[in-house]
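Read through the structure below, which is laid out as structure tokens, and then see the notes.
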Amino acid sequence: MNKYLSVLLMIPVALISAITVAQDSSDKVEAESSSTPLIKHSVLIAGGFTGILDENGQEVWKTQGGAKDATQFANGNILITYKDKVVEFDKDKKQIWSFTKSKEDAELVSAWRLPNSKTLVVVLGGKPRLIEVDTDGKTVSSIKIDPEQIQNHHMQTRMARKLNNGNYLAPHLFGYSVREYTPGGKIVADFQTDTEHFGGAEAKNWPFTAIRTSTGSTVVGCTYGNRVVEFDAEGKIVWELTNKDVGGIIKDACGVQRLPNGNTVVTSYGQRAQGAVKIFEVTPEKEVVWSYRGHHAHHFQILTTNGKQIEGDPMK
């Protein structure tokens, strides 16, 4: 990739807008008075391109493309999920662990490393479930989930995560629901995305990513509905982002990450046009402060901001 182009692709939207406005002398003062700070991120992308971009948009590492999910740990290791396997690389980019799906299952879509060194893997198919796998690749527990349908395996569930309370959070696309399961499979919470507020099922707000925040709220990325919504513990909507808020740049909101500063980063996975926004960041006030316009991204992880590592487990 041309170096100049790659840097341009990572320029914050707010700054691009300021540059454009500044070209008109009548608006020059307004542009120069902007207080929006320059934001630069390094990012791990899971998609057709699967790898890491530095804060200038340069590819610093890549591996086999087509990943569904990818997470970098504090020790530098990277866990990547493909349709048929989960692979872990160490900080020197050497493969050190893998798990392969059984022939009876349709696909794997997400994986998450647990504090006890086990790995949570999302399995789709005739028996959709969440499994925990040990370091030897052996399944040590299995949690049956209810996506309300088994006909369309691909649309059963996606980025399921284990919560601090020991329960599991799983978004079910065609079920229009984000459900919290106990280790025994009991549903103890259910957030719906096909209510009248969302325009019913016809609006196709399929939940794809579900994040439990430190305050107990649940942030949900709705794919085809081009929406991100945040529910409180009782299911009340406390924050929402739609295309009306960001000028229409959301196109298939698959991946979502809540940053420690309260900002939210979202993918537009369905956006494939060259130069169009593929990932962007908004403040709680819904101001777009950063965007990436290069590779399309299925999911992602913001790794650093202006040279500083993102602390704690990523909320994504």
Test set (1) more than 17 Å from the chain's Cα centre (by Cα); (2) over 18 Å from R258 (Cβ atoms); (3) β-branched (V, I, T) - T193 fails condition number: (2)
Region 271-308: number of residues that are at negative phi, touching a residue at least 24 places away in the same chain (Cβ under 8 Å) and not hydrophobic (A, V, I, L, M, F, W, C): 16
Residue satisfying all of: in region 285-316; touching a strand residue (DSSP E or B) at 6+ places or on another chain (Cβ under 7 Å) and outside any strand (DSSP E or B); surrounded by the fewest Cβ atoms within 10 Å (Cβ to Cβ) among these: K286
Enumeration of residues in region 230-245 that are touching a residue at least 40 places away in the same chain (Cβ under 8 Å) and surrounded by 20 or more Cβ atoms within 10 Å (Cβ to Cβ): F231, L241
Of residues in region 222-263 being part of a strand (DSSP E or B) and basic (K, R), the one nearest to S177 (Cα to Cα): R227
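In region 264-281, what residues are crowded, with 22+ Cβ neighbours inside 10 Å and either touching a strand residue (DSSP E or B) at 6+ places or on another chain (Cβ under 6 Å) or outside any loop (DSSP other than H, G, I, E, B) (or both)?
T264, V265, V266, T267, V277, K278, I279, E281, listed by residue number.
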Check on V219, in contact with a Leu (Cβ under 8 Å, 6 or more places away or on another chain) and either within 17 Å of K286 (Cβ to Cβ) or assigned to a strand (DSSP E or B) (or both): no
Failed item, numbered, when P147 is tested on (1) farther than 17 Å from T71 by Cβ; (2) buried (at least 19 other Cβ atoms within 10 Å of the Cβ); (3) in contact with a strand residue (DSSP E or B) (Cβ under 7 Å, 6 or more places away or on another chain); (4) modelled with pLDDT of 95 or more: (4)
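The values are calculated or read from the model by the stated rules, or taken from the named source; none is laboratory data. A quick note: this is a predicted structure, and the numbers were derived from the prediction, not measured. Cβ sites come from the backbone with ideal geometry, for glycine too, and all protein chains shown count toward neighbours.
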